[in-house]
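Scroll down for the structure; my scribbles are underneath it.
The values are calculated or read from the model by the stated rules, or taken from the named source; none is laboratory data. Just so we're clear, the structure is a prediction, and the values are computed from it rather than from any experiment. With ideal geometry, Cβ positions are generated from the backbone for all residues, glycine too; neighbour counts draw on all protein chains shown. In case anyone asks, the SASA skips ligands and DNA or RNA and just uses the protein heavy atoms, side chains included. Shrake-Rupley method; radii C 1.70, N 1.55, O 1.52, S 1.80 Å.
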Amino acid sequence: MSEFRVKCRNGTGDIVLSVVGAVDLATAPELDQAIKQALDGPGRRLVLDLRGVDFMDASGVAILLRHDQRARAAARPFVVVRGPPQVQRLFDLTELSTRIAIVDELPRFAS
């Protein structure tokens, strides 16, 4: 597994958080804080790019659900860029893929 990191960048009207490494009990607080800060910022769409995630456990699922609910309550669009097959499998098993907006590629205007 690679070293965990979250990179934040502002696109044209979007905030993009690119996640690399394993999202687990040890790294979940860092991801939680990064998403919270992004959602507390200006009212733009948040795009969470999971293409670099090589592992995710239930703590990551819980964070995504919580922040998706926060975004909906604030009328903020929240989009997840599909991760690798092992992450998508977790999303399917937990039915997270039916609850949050998942796209296959980083939206062009989010770059």
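One decimal place: the segment Thr94-Arg51 gains 13.6 nm when fully extended, by the rule 0.36 nm per residue minus the C-alpha distance. Each residue of segment 49-64 was assigned a 3J(HN,Hα) from its phi angle through the Karplus expression (A = 6.51, B = -1.76, C = 1.60, θ = phi - 60°), giving 8, 9, 4, x, 7, 9, 7, 9, 10, 4, 5, x, 4, 4, 5, 5 Hz with x at Gly and Pro. Taking amide H positions as modeled 1.01 Å from N, with prolines and chain starts lacking one, the residues under 5 Å from Met56 and 5 or more places away or on another chain are Val23. Each label point was placed 7 Å from the Cα along the Cα-to-Cβ direction; for Lys7 and Arg72 their separation is 3.1 nm.
The residues of the chain present an accessible area of 53 Å² per residue when probed at 1.4 Å with all protein chains retained. The structure-derived value of Cα extents along the principal axes in Å appears in the list (1) 62, 28, 24; (2) 40, 37, 24; (3) 32, 27, 25 under the label (3).
Note on the chain: helix-only mean residue ellipticity at 222 nm, from DSSP H runs of 4+ residues weighted -39500 (n - 2.57) and normalised by residue number, equals -11000 deg cm²/dmol. Explain nothing, just the number: relative contact order of segment 13-96, from Cα pairs under 8 Å at least 6 residues apart, as a whole percent. Computed over segment 13-96, the figure is 36 percent.
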